[in-house]
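> Below is the structure I would like to discuss, written out as structure tokens.
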Amino acid sequence: MSHEYVLKPFAPEIRLNIDYPRELNEQQLAAVTAPPGPALVIAGAGSGKTRTLTYRVAYLLEQGIPADRILLLTFTNKAAAEMMRRVADLLGHELHALWGGTFHSIGARVLRLHAETLGYQKDFTILDRDDAKDLIKACLADAKIDQKDKHFPKPDVLNEIFSLAANTHQTVAELVDGRFSYFAQFAEEIADQQQRYHARKRATNGMDFDDLLALWLKLLTDHPDIREHYQRRFQFILVDEYQDTNKLQGDLIDLLAARHHNVTVVGDDAQSIYAWRGANFANILDFPKRYPGAKVFKIETNYRSTPEILNVANAAIAANVNQFAKALTPARKSGLKPALVQCHDAGQQAQFIAQRALELREEGSSLNDICVLYRSHFHALELQLELTRRQIPFSITSGLRFFEQAHIKDATAYLKFVANPKDEVSFKRLVQLIPGIGGKGAEKLFNSFTAKMAESGLKMETEPKIAVALQTCVKAVPKKAAVAWTQFVATVAQLEAPETRRQAAKMLRLVMDAGYDDYLKETYDNYERRLDEIQQLAEFAFQFGSVEEFLTQLALLTNVEAEEDPTDDTEKIKLSTIHQAKGLEFAVVFVIMLCDGLFPSARSTESNDGEEEERRLFYVSITRAKNELYLCYPNMRGGFGASGVDTYQSPSRFLSEIPKGLLNEWNLR
């Protein structure tokens with residue numbers, strides 16, 4: 001069956017009468033009115049990237065390109081909706097013929113039309129992450145792999161391995177050998193599970209999100225007639241946020257553009273910060289090599305930030321070797337010079353930010369215009385505590401709240417249980433971490449344990465007794481959980497020892513040493529981040545005089561966060577990881593914990609590529625600021641390291657790369 005698409009002669013079907021030279025600056029105009037052919041548009045932060053793409057679509061329509069011959073690809077539904085809305089505003093009406101949307105939505109649209117070619121029915125189900133997890137569980141059951149096995153990767157981890165394999169064009173064996181080397185002994189079994197998972201999806205007429213791209217590429221690769229149809233149809237392809245594309249997405253674009261070569265990709269290599277989730281930096285860096293003769297346009301006029309902030313941003317990214325050289329130039333008038341704030345410790349850093357926020361509020365600024373950015377969740381622990389103490393409202397836009405994360409709740413459950421053996425919730429949470437113990441088993445064990453505790457009549461303050469009571473419950477423990485139960489009892493015995501029980505930090509470190517780090521490894525694909533967060537929580541705990549005080553403060557922080565109401569219009573300071581803040585802007589930005597080993601992270605500095613990505617992350621944090629920027633770091637970290645002694649911290653190496661004259665230095669020590 002032929003999929004030939006008969007081309008109409010070009011005819012100017014739409015006259016918009018847009019005065020492009022008036023609406024756009026010179027750099028934007030050059031990109032928008034570029035002749036046919038491959039084009040790479042390097043759009044710096046705050047330079048009007050979306051505006052450029054929108055006007056490019058309008059310009060193509062005015063040149064007589066039919067709307068259904070244009071493909072516009074974005075990364076998020078929000079970006080797609082915004083782009084389509086802006087195009088509609090320029091046209092004065094909706095343009096339904098334009099193929100515009102996320103990679104996944106366009107993939108789904110194509111696959112609905114050609115599902116039968118791939119052996120699927122057109123009404124295939126699209127599986128969300130939970131659906132995929134359930135299907136993987138069924139595959140594990142079919143293979144008679146015990147899902148409670150202490151060492152085999154859990155369904156969430158398997159799902160992540162399968163997803164990365166699809167998006168990076170790597171085999172399971174390659175991924176296990178590299179990123180998941182701690183599962184090397186299970187490499188063959190994991191590959192077998194991947195095959196079972198693919199077969200089960202096909203049998204149930206289901207596709208997961210990765211299939212929407214992988215099967216789209218397979219469709220084009222394996223079926224020349226369909227490939228030629230779409231290559232002819234999409235005469236002009238425009239791609240947003242090209243620096244975030246992965247290997248699979250890059251290959252899709254290259255294949256679709258292979259006939260006409262009219263592909264315009266827009267992005268900023270300096271804002272490529274998602275390698276950890278599969279983004280392929282080489283896509284944007286090597287575009288001119290893959291498309292000989294490609295025109296490279298640079299849009300460097302920044303409409304967001306003051307000249308002083310842009311000077312710091314340009315200096316911050318200059319040390320990166322792998323980049324398209326550019327310099328953001330300001331469209332705004334001069335403002336305040338950014339501040340480099342040196343603090344004694346994280347507590348003083350938090351006090352400074354809280355006080356400065358109140359001053360800004362008094363000066364007429366809204367708390368909503370203030371944002372604190374950090375490399376990792378745990379960097380903001382002291383700040384959350386300080387804002388809570390001062391009753392300064394704040395919101396966290398970094399995904400799941402720090403203290404609501406499963407691994408944080410697991411680790412603190414040990415402390416809660418030892419501090420209060422009657423804590424049923426913590427007891428059941430802990431014992432259900434043991435392979436072979438479920439909800440009913442946990443209930444039975446808790447009843448047995450409380451009875452033994454009541455019989456003992458010993459006072460916790462004078463004589464440790466929890467481990468003894470747990471040991472007498474061994475008859476109620478399932479046989480396959482017996483070894484793990486013995487380890488659990490031994491851990492609790494160590495935790496309730498008088499010299500340990502008084503120190504929350506020591507207790508948390510003991511939990512990690514007792515095997516919880518192995519549990520993280522087997523359960524979560526991002527176990528290294530979770531391990532770091534528990535270790536940092538232990539360091540945070542050193543400032544508290546007792547375990548009870550530490551747990552009280554955690555409870556207060558957690559409850560404050562839990563009470564947030566999305567409909568609440570109260571002014572709030574924004575707290576966010578830098579990754580979550582990409583694409584946003586704020587009048588005032590504080591970047592905190594700029595210490596070597598924290599930002600850049602210790603792990604990232606093990607390779608040049610890792611360090612360069614961290615520098616790009618630093619650049620992203622700086623370019624979120626419109627009016628005021630504060631770069632903050634503590635000289636000391638309370639309880640840092642195994643000894644629990646205050647330790648000197650080196651300022652981030654990125655700070656030394658900024659000429660001193662560009663920053664006002666504030667020493668708060």
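The values are calculated or read from the model by the stated rules, or taken from the named source; none is laboratory data. What you see is a predicted model, and the numbers here were worked out from it, not measured in a lab. Positions of Cβ are backbone-derived with ideal geometry, glycine not excepted, and every protein chain shown enters the neighbour counts. Calculation scope for accessible area: heavy atoms of the full protein, side chains included, ligands and nucleic acids excluded. Shrake-Rupley method; radii C 1.70, N 1.55, O 1.52, S 1.80 Å.
> Only one of these is closer than 30 Å to D156 by Cα, open to solvent by less than 10 Å² (accessible area, probe 1.4 Å) and at pLDDT below 85: A514, A562, A538, A581. Name it. I'd like the intermediate steps shown before the answer.
Working: A514 fails: open to solvent by less than 10 Å² (accessible area, probe 1.4 Å); A562 fails: open to solvent by less than 10 Å² (accessible area, probe 1.4 Å); A581 fails: at pLDDT below 85.
Answer to the check: A538.
> Another one. Examine the stretch 319-334 for a residue that is in a helix (DSSP H, G or I), open to solvent by 40 Å² or more (accessible area, probe 1.4 Å), out of contact with any Ser or Thr (no Cβ under 6 Å at 6 or more places or on another chain) and not aliphatic (A, V, I, L, M), and state whether such a residue exists. Even if it seems obvious, please write down each step before you answer.
Here is the first cut: in the stretch 319-334, the ones in a helix (DSSP H, G or I) are none.
Among the residues of the stretch 319-334, not one is in a helix (DSSP H, G or I), open to solvent by 40 Å² or more (accessible area, probe 1.4 Å), out of contact with any Ser or Thr (no Cβ under 6 Å at 6 or more places or on another chain) and not aliphatic (A, V, I, L, M), which makes the answer no.
> Could I ask something else about it? So which residues in the stretch 596-612 are part of a helix (DSSP H, G or I) and either in contact with a Lys or Arg (Cβ under 8 Å, 6 or more places away or on another chain) or open to solvent by 30 Å² or more (accessible area, probe 1.4 Å) (or both), if there are any at all? Steps first, answer last, please.
Applying the first criterion (part of a helix (DSSP H, G or I)) to the stretch 596-612 yields 604-606, 608-612.
The answer is T605, E606, N608, D609, G610, E611.
> Can I ask one more? Go through the stretch 465-487 and give me each residue that's loosely packed, with under 15 Cβ neighbours inside 10 Å and more than 18 Å from G438 (Cβ to Cβ).
Hits for the stretch 465-487 are T486, Q487.
> When you go through (1) farther than 25 Å from L617 by Cβ; (2) out of contact with any Asp or Glu (no Cβ under 8 Å at 6 or more places or on another chain); (3) assigned to a helix (DSSP H, G or I) one by one for G364, which number turns out not to apply?
The failed condition is (3).
> So, one more: What number of residues in the stretch 126-151 are open to solvent by less than 10 Å² (accessible area, probe 1.4 Å) and not aliphatic (A, V, I, L, M)?
As a first pass, look at the stretch 126-151 and keep what is open to solvent by less than 10 Å² (accessible area, probe 1.4 Å): 132, 136, 139-140.
Checking which are not aliphatic (A, V, I, L, M) leaves us with 139.
Adding up the residues that qualify gives 1.
> Report the residue count in the stretch 17-34 for those that are surrounded by fewer than 18 Cβ atoms within 10 Å (Cβ to Cβ), in contact (Cβ under 8 Å) with a residue 24 or more places away in the chain and over 20 Å from N283 (Cβ atoms).
6
For every residue, the table says whether it meets (1) within 27 Å of K218 (Cβ to Cβ); (2) surrounded by 14 or more Cβ atoms within 10 Å (Cβ to Cβ).
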residue: M83; (1), (2): no, yes
residue: H93; (1), (2): no, no
residue: L158; (1), (2): yes, yes
residue: I161; (1), (2): yes, yes
residue: T168; (1), (2): yes, yes
residue: G178; (1), (2): yes, no
residue: S181; (1), (2): no, no
residue: A184; (1), (2): no, no
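> Can you name the condition, by its number, that A279 falls short on among (1) touching a residue at least 24 places away in the same chain (Cβ under 8 Å); (2) more than 26 Å from D609 (Cβ to Cβ); (3) among the small types (G, A, S)?
All conditions pass for A279, except number (2).
> Can you tell me which of (1) open to solvent by 60 Å² or more (accessible area, probe 1.4 Å); (2) over 17 Å from L663 (Cβ atoms) is the one Q348 doesn't meet?
(1)
> Which residue, of E382, E363, E359, is under 20 Å from S601 (Cα atoms) and either among the acidic types (D, E) or surrounded by 24 or more Cβ atoms within 10 Å (Cβ to Cβ) (or both)?
E382
> Could you figure out which of (1) assigned to a helix (DSSP H, G or I); (2) open to solvent by less than 10 Å² (accessible area, probe 1.4 Å); (3) not small (G, A, S) isn't true of I273?
Condition (1) is where I273 drops out.
> Now for a separate question. Within the stretch 488-502, how many residues turn out to be assigned to a helix (DSSP H, G or I) and open to solvent by 80 Å² or more (accessible area, probe 1.4 Å)? Please lay out each step first, then the result.
Step one: list which residues in the stretch 488-502 are assigned to a helix (DSSP H, G or I), which gives 488-495, 498-501.
Then keep just the ones that are open to solvent by 80 Å² or more (accessible area, probe 1.4 Å); that gives 494, 499.
Of the residues in that region, 2 qualify.
> For the stretch 201-260, which residues satisfy the criterion of being in a helix (DSSP H, G or I), under 23 Å from A58 (Cα atoms) and in contact with a Gly (Cβ under 9 Å, 6 or more places away or on another chain)? Steps first, answer last, please.
Going through the stretch 201-260, the residues in a helix (DSSP H, G or I) turn out to be 201-203, 209-222, 224-233, 242-244, 247-256.
Then drop every residue that is not under 23 Å from A58 (Cα atoms), which leaves 230-233, 242, 253, 256.
Hit for the stretch 201-260 is Y242, nothing else.
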